[in-house]
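Notes follow once the structure below has been shown.
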């Protein structure tokens, strides 16, 4: 490990220890404020007594290599939560085996680890951004490769992810990213003494779900890829989660539905719900539910609009949406901008037609346009939200949308669904990308 890397390593560990010590005192205050008679909150716990727990967390964080590599926010958060959960189980086991649990409140330990899971990612996000703003802990990297286009694309990716704290420069670097599949280019830089990262030109594949297999006798490696979403146990678990989330949201859905129904009726004539045949898993059709956001005579309005704006035909062929669609009512625009028009699809999830997270439910006349992505997209249930909704929505072409959804299906993970749900709330709250 080079001097600068060791310095960064040490600073990040000290920052995390400081965060954990702060959370210790906050947890103590929270425990004492609860005043639960059955919990021995009167027992004083000093920070020195609890250092073994903090040390356990740090050892596991080091084993997850979060101080050795620069992960993006979500990947690092996943590793932090994994380390905290394992630390929590280890600490409880040690206390039980040594009978030290008589002196430690399990409530306090649970509060400490819960607050740590919420606070550490947020604190690290704030601290890193402030440190990077003053050029502290930043890493200078050099990007090379076979094509200028590939190098520039990867450069944009790095520059857009401020959490990584990496600056692309042509000098003063210690790390090299090689955007290439050519072994000779890798060999050329391997002897340079720099830290080397390979960015293979393999689109639509996420190596997170892969395993590298070594063949020592052959001096060869192979990469095993697995589509986790198509595993029976994954499909069963995802279906159970869909139903559980849908049932849990019903008490919230019912009063909101009543309010929206009244406002739709006050805004324009017509039904409350819009029913349309969509394509589901296996190519089977189902009735997709949405709140009505258009006028009753929408077809007539569209014909007149296209006659005056023929350029919109080309726009629709590219994005499968119209700009400033004249068929949409005033309240309908609000419903679309907040994605509340899709709320009735909770009923589709309960009926088993859709998932909470998945590819977009395509219209019947769009199936033939799915092309090479058809078999992949139609192998799973469509979702209320998905990767395309949190990745640009109206700014994406139909082709880009299909590529994203194919990538989601091939690289599915429970953690990925969790991230999409969190990003969906953010997108809806900020009203980004919906029209």
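The values are calculated or read from the model by the stated rules, or taken from the named source; none is laboratory data. Everything numeric here is computed off the predicted structure, so don't read it as measured data. Here Cβ is always computed from backbone atoms with ideal geometry, including for glycine, and neighbour counts include all displayed protein chains.
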List pairs: first in the stretch 199-227 and more than 23 Å from residue 176 (Cα to Cα) and outside the structural domain of residue 413 (by TED's automatic domain parsing), second in a loop (DSSP other than H, G, I, E, B) and modelled with pLDDT of 70 or more, Cβ under 7 Å, 6+ apart or cross-chain? 209/226; 209/411; 209/413
Qualifying residues in the stretch 396-422 (those that are more than 22 Å from residue 228 (Cα to Cα) and either surrounded by 17 or more Cβ atoms within 10 Å (Cβ to Cβ) or touching a helix residue (DSSP H, G or I) at 6+ places or on another chain (Cβ under 7 Å) (or both)) - the one modelled with the lowest pLDDT: 396
Please give the number of the condition residue 109 fails out of (1) in a loop (DSSP other than H, G, I, E, B); (2) modelled with pLDDT under 90. (1)
Would you confirm whether any residue within the stretch 423-431 is in contact with a helix residue (DSSP H, G or I) (Cβ under 6 Å, 6 or more places away or on another chain), on the phi > 0 side of the Ramachandran plot, touching a residue at least 12 places away in the same chain (Cβ under 8 Å) and surrounded by fewer than 18 Cβ atoms within 10 Å (Cβ to Cβ)? yes
Does residue 246 satisfy being surrounded by 12 or more Cβ atoms within 10 Å (Cβ to Cβ), in contact with a helix residue (DSSP H, G or I) (Cβ under 7 Å, 6 or more places away or on another chain) and modelled with pLDDT of 90 or more? yes
Tabulated pairs, the stretch 24-40, first in the same structural domain as residue 53 (by TED's automatic domain parsing) and over 16 Å from residue 119 (Cα atoms), second assigned to a helix (DSSP H, G or I) and modelled with pLDDT under 80, C-beta under 9 angstrom, 6+ apart or interchain: 39/106; 40/102
Taking the stretch 81-106 as the search range and keeping residues that are out of contact with any helix residue (DSSP H, G or I) (no Cβ under 8 Å at 6 or more places or on another chain) and not in a helix (DSSP H, G or I), which one is modelled with the lowest pLDDT? 103
Residue 357, sole failed condition from (1) under 21 Å from residue 398 (Cα atoms); (2) in contact with a strand residue (DSSP E or B) (Cβ under 9 Å, 6 or more places away or on another chain); (3) modelled with pLDDT under 95: (3)
Out of 366, 400, 372, sole residue that is free of Cβ contacts under 8 Å to residues at least 60 places away in the same chain, assigned to a helix (DSSP H, G or I) and within 18 Å of residue 283 (Cα to Cα): 372
Taking the residues in the stretch 423-435 that are part of a helix (DSSP H, G or I) and out of contact with any strand residue (DSSP E or B) (no Cβ under 7 Å at 6 or more places or on another chain) as candidates, determine which candidate is modelled with the lowest pLDDT. 430
(1) more than 19 Å from residue 259 (Cα to Cα); (2) at pLDDT below 95 all hold for residue 271 apart from (1)
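Just checking, does the stretch 313-329 include any residue being modelled with pLDDT of 90 or more and closer than 23 Å to residue 389 by Cβ?
Yes: one or more hits.
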